[in-house]
1. How far is the Cα center of region 64-82 from the Cα center of region 84-137, in Å?
2. Around Glu86, under 14 Å between beta carbons, what's the net of Lys plus Arg minus Asp minus Glu among the other residues?
3. Please give the FRET efficiency for Ala141 paired with Glu41, using the beta carbon to beta carbon distance and R0 = 30 Å, rounded to the nearest 0.05.
4. Got a sec to turn the phi values of region 34-49 into Karplus ³J(HN,Hα) couplings, 6.51 cos²θ - 1.76 cosθ + 1.60 with θ = phi - 60°, whole Hz, x for Gly and Pro?
5. From the phi angles alone, apply the Karplus equation (6.51, -1.76, 1.60; θ = phi - 60°) to region 106-120 and give each ³J(HN,Hα) in whole Hz, x where the residue is Gly or Pro.
6. If you split all Cα-Cα distances of region 32-125 into 10 Å bins from zero, what percentages do you get per bin, shortest first?
7. Place +1 on the Cβ of every Lys and Arg and -1 on the Cβ of every Asp and Glu in region 32-125, take the dipole about the Cα centre, and give the residue among Ile44, Pro121, Thr55 whose Cα lies farthest towards its positive end.
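No value in this document is a laboratory result; all are computed from the given coordinates. Here the structure is a predicted model, which means the values were calculated and not measured. When we count neighbours, we look across all protein chains shown, and the Cβ atoms used for this are built from the backbone with ideal geometry, even at glycine.
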Amino acid sequence: MTNLPDPLREFDRAVNSMFNQFASSTSRTQAMPMDLYRDGESFILAMDLPGVDPTSIDVDIEERTLTIRAERHARSGADLQWFARERQTGAFARQLTLGTGIATEEITAAYTDGVLTLTIPIAEEAKPRKIAVEHSSERTAIGSAN
């Protein structure tokens, strides 16, 4: 009898591999869920970071890439006995690519009640504006040139 691979085992292995890759890439996003919306002349990014040490939050911008890093430490101690441990701990990072027309030098950040809020203003040059059309009430005659 030949050693042929079990097709169901191979399928199960492929599905598990894909699920593990998806789970590892989404777990970082789930640890830092966010809302992003426009309010008037600014974009607002609100990111849930409950239990994060505020001093560990780091917001950087390099060219058009906004990077947010934070860290949640696990509780430890000699008398500590865990019964459930579902909250993720460790260092988290999330990167967003900003479009053009953002006033990157004016971005502000605040951390209140476990929510990091970034206010990302729209640059003046990217705001819609009216352009005045000049007109004259004088009529210009069209003549023939000889």
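1. Using only Cα atoms to place each centre, the spacing works out to 26 Å.
2. Result for the neighbourhood of Glu86: +4.
3. On the way: r = 47 Å, r/R0 = 1.58.
Calculated transfer efficiency: 0.05.
4. 9, 10, 9, 8, 9, 10, x, 9, 9, 9, 10, 10, 10, 10, 6, 9
5. 10, 5, 10, 9, 9, 10, 9, 6, x, 10, 8, 10, 10, 9, 10
6. Here the calculated profile for region 32-125 is 14, 43, 25, 11, 5, 1.
7. It is Thr55.
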